[in-house]
Every structure is written in structure tokens, then in C-alpha cells.
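Structure record follows, encoded as C-alpha cells.
The values are calculated or read from the model by the stated rules, or taken from the named source; none is laboratory data. Since we're looking at a predicted model, the values are computed, not measured. No Cβ is skipped: glycine too gets one built from the backbone with ideal geometry, and neighbour counts run over all protein chains shown. For accessibility, only protein heavy atoms count, side chains too; no ligands or nucleic acids. Shrake-Rupley method; radii C 1.70, N 1.55, O 1.52, S 1.80 Å.
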Amino acid sequence: FAPPPPPPPPPSYESFLIVVRCVRKWAKARGLYSNKLGYLGGVNFNIMVAMCCQLYPAASPSALLRKFFLVYTRWRWPDPVLLTRPHDAGLGQQVWSPFNSTMNRQLMPIITPAYPAMNSSLSVSRQTLQIMQGELTRANAILDEMWADPESQMPGNDDGHMFEQLFVKTDFFIDYAHYLALVICAPTASDLQSWTGFIESRLRKLISDLMGKSLPLSKIQLWPKKFDGCFADKTSGLTAAQRQHSCAYFVGFNIDRLRMKGDQLNVETQIQAFKTTELQRFQPAIPGCDMTTNYFTTKRLPKEVFAQYEGGKEEAMKKRRERRDADPKRQAKKREAKLEEMKKMLADKESAENVGATVVNVDEAEEVGGPEVDQEDSLLESALDNIGGKDREQAETERQRLLNEGEYNEEDDETRDSARLADAGFDGESADSVVLKIATPAWRAKRSVITPADDDDDDEEPGSSKVRRIEIKMKTKFERVIELDGDGNIVDKGDANFLPYAKFAGRCGGFEFKAGSRGCGYYRTGVKVQIPANKL
């Protein structure tokens, strides 16, 4: 006899699978899916969805998805998410306990149900928790709005599918004002793979511990997806092999102006501390493996990071301008500026009306006081006659002569044209028979430049205007920086601790590029280098 078929899975398990897939898709679209970089991973989301299934065992997948965002939006972190009570089997393994002093400081504990119970979200920091709480609140608001009016969000409606807005990709590369590219480079592809994995496991310490705690930043976020390619500056000193085998992670941050001191933000101290405390633990050390940084603003970001937009970078910048113009704070500032401008225009208009009213009153006074005004005019005219030495008729005649001085006179047209043609170098009796004579200036006739190589060329005419170019060619190629002794001879002091500077090719394993007493070159790390002093 054939064995009986297995019983069908309970309805809650099917709902669990559907909701887990939706939550993972939402987390990947919003940039929250990476346990290694300080966010949540697959195990974390499985435990969180399983707890919602325990709270609402008979809920449908759509209702369970809404309850997921509702529960964890209002969850009082750091209260732990527990599927079962942790138990100690007495096998010597450390079990998570809320009474442990070190475990009480964990920000977002999501406890595994199996023995030994441990926190699966230990890498979550304050910065990533802030970002995830914001995204959970956004998703909860979207589902609440759709749940209140489900008919308007049906597939046949013009507004789109019910959950379409939930899975919209985040606008990380237009949300922040400043970006920092962490460029990871290695000499070969295999070295890059191991070097990148090592740095990924420690990037959260750079973002949360070093930059997030010591810099005046209001918000900082690490994008959990890496971009293949070299985004380093041209002056970074990377070799061709390093540029070919490189990838980059991007960090976006906003500066807190209230905590900012000065106009410049220095992040070099945190980067160097991260290299000395974390990256030096990589064993075995591979020459050429390094991490460099490059700063970008939103407008200077490379086009490769805007691949999610159909129109590329132009569409992203257009969306950024629309969001910036729709900002309530920016609109309030525009209204205040417009109000101040209107107040200023109104004040100028009132002052102009007051001046006009004063002029009108003067005119009215002139009309009323006729004899007094006539007497004042006569006194003014007599004073002007005494100052200029001319009476009113003579002054008017002089004014008309000055006004008509530049008018065209048809009788003197031919005489005036002849004089102008003669002054310009023309010879002829009329404008119809003109012969042009232009004398070549002396400085233009001697325009040609004579070089030592062309002294023997006598075939050229003395009045030629050919310009000869000067070319300088070096017979000796200077391929490296050299040191000269007192007699001018080259001194080469290359040995096991010093490599002369032949051609700059980036970093050299075990050596540091310095300017020492032997000249510019690679000095072995740890060897004392004597820095030459300037003597007057």
C-alpha cells in the first residue's frame, strides 16, 4: 500500500511565505537588505514575519503585510523580538539574556529561537536604526491609505496596483547633499574579492562608530550595494591594474549646521583611523590592496549610480528640483522673501506719492500766489543773465546752433566727402573714381620671426609675413629624480631600503614614497629617513 499523502501546510505558512517575499523585496528596493553593513538580512525578516504570524494566525497575506509594518512601526525598541523564551541547555554556550549588562545595550535585538539563543541583528547601529524606522513609517502610511480606500487601488483602476507604491526604489542619490565614495582597489581580481569581503565586514564601524559619533552630521547612510568600476580621483595615484580591479560603496550624509564649527568638515582623521585600526588586520597583507575616498556633491555624482532611472541623471536631477521646490520650508522662505519685496515696493510707492503730493502743492501755491511767483522768476532770470553774460535771446540762439550743428547739409556734402577721402588715403576727384593707397607700416613689414635655425635662409623676401615657430627639443630624457654631488655628477644610492623614483606607479608594497636625503623615491617602511633641511 502507498503511504498516505502528507497533510497540506497550514494557511498561516503560505501567508508567511508570501509576506516574507514581499518584505524582502521592499527591503531591497529601499536599500535596507544587508546584515553585514548594519541593516537587516533574511534571518532577521523571517523572525519578524514569524512573530506577526503568531500574533495574527488567521490573517490573510495582505492583512498580515499591513500588520507587519504596523507592529514594527510602533515597536518599542530595544525590546527584543522573541518567538520562544530563551533557554540554557547547559552545554557551555552563551545564551542571550536581557539581564546581561552587555546585551542590554543592543539597539534592535531580534533573538533566534534555536539553542543557543543569540541576537541576529547585532550589527544594527543608531544610524541604521533611524533609517529603518523612517522606512517602516513610510510603508505603514502607504498601506494605511490603501487600506482605507481599497477600491481606488485595484489593478483595473488608473491609479495602479495596490502595492505598487510600496516597492518604489529609494532616491538615495538625490536625498543627500554630500556623498563620499569608498573606492576599494586591488592588483588582481582574486585579491579584490577577498579584500572587498574583508572591508565589507568592517564598513559599519567606519560609518557608525567613527563618522557617525565624531562628526557633526544630522544623518548618514551607507548604500548597501557596491558599484563596479573606479570612482577615484585622477590624482589618487592608483596604478592601471588597481583602477581596472576596483569597486566602490557610496555614503550619503547631511551636515548639522548648528553643531558645525567653521566652514570645512574634515573626514580624513576618521578615514586614517579606520585604516590603522581595522584594515591592518587583514592577513596576509597583499601589496597593492588599498582603499581611497573621493568626495561628490549631488550634481557631480557619476552617471553610473543613476541606472535605476529611465532618463538617467537628467531625470534624477529633474526629480530633485521638483522635490526641492515642493519642500514646505523652501516654500515658506520664498513666501517670506516675496512678502518683503512687496513691502519694499509698497514703501517706495508711498514715498513717491508723498513726493508727488508735495510737487502738486507747490504748483497749486504758484497758481494761487501769482504776483509773488512772477517777481521771483524775474529775479532768477536777471541773475542768470549776470552769470552767463548773455541775455535770454542770445542764450536761445546759442542753444539752437548747438542743436543743429550735427544736421546733414546737402550743399556741403561733396566738399566734406572729398576732405574725408583725402584724410583716409584715397586719391580721386569723386567717390565714383577712387584709388586706394594704403601704406604698409614698418612694424608690419618686419613681422617675421627669425630663429637660429633659419639664419641661412636667403630665399625669403624681406617683406614676407610668414611666421616661423620655435620648437625646443631635448636630447636627454629625464626619467627619474636624481641627486647631484658638488661636482655635478649623478649620485645613485639605491639599495635594499631605497628604490629610486623611476616612474610613479602608485603604491609599492612595503615601501613609502617620501622626499628624503637620498632624493625622491620609495623608502622601506620602518627605516629612519633623514629629511633634508633648507640652509640659507
> For the stretch 266-328, what log10 I(q)/I(0) values come out of the Debye formula at q = 0.15, 0.17, 0.24 1/Å, with one point per alpha carbon and no solvent?
Replying inline: -0.71, -0.77, -0.99
> At q = 0.12 Å⁻¹, what base-10 log of I(q)/I(0) does the Debye formula yield for the stretch 217-288 when every alpha carbon is treated as an equal point scatterer in vacuo?
Replying inline: -0.50
> In nm, what is the difference between 0.36 nm times the number of residues separating Met342 and Ala63 and their Cα-Cα distance?
Replying inline: 95.1 nm
> Which of the trypsin sites (Lys or Arg not before Pro) across the stretch 273-307 are loop residues per DSSP, with 14 or fewer other Cβ within 10 Å?
Replying inline: Lys299, Arg300
> Given q = 0.20 Å⁻¹, what are the Debye log10 I(q)/I(0) values for the stretch 42-140, with equal point scatterers placed on the Cα positions and solvent ignored?
Replying inline: -1.06
>> Percent of Cα-Cα pairs more than 19 Å apart in the stretch 1-88, please.
In response: 46
> Which loop GluC sites (Glu not before Pro) in the stretch 269-324, with loop taken from DSSP, have no more than 13 other Cβ atoms within 10 angstrom of their Cβ?
Replying inline: Glu310
> Of the cross-linked pairs Lys319/Lys343; Lys169/Lys334; Lys234/Lys275; Lys261/Lys338; Lys219/Lys333, which ones have a Cα-Cα span greater than 27 Å in the structure shown?
Replying inline: Lys319/Lys343; Lys169/Lys334; Lys261/Lys338
>> Translational diffusion coefficient of the stretch 112-236 at 4 °C, 1.567 mPa s, Stokes-Einstein with Kirkwood Rh over Cα pairs, in µm²/s as a whole number.
In response: 70
>> So if the hydrodynamic radius of the stretch 193-316 is defined as the Kirkwood radius over C-alpha pairs, what does Stokes-Einstein give as its diffusion coefficient at 10 °C and 1.306 mPa s, in µm² per second?
In response: 98
> Rounded to the nearest 10 Å², what accessible area does Asp149 show when all protein chains are kept and the probe is 1.4 Å?
Replying inline: 80
>> For a Förster distance of 60 Å, can you work out the FRET efficiency between the beta-carbons of Lys319 and Glu396, rounded to the nearest 0.05?
In response: 0.30
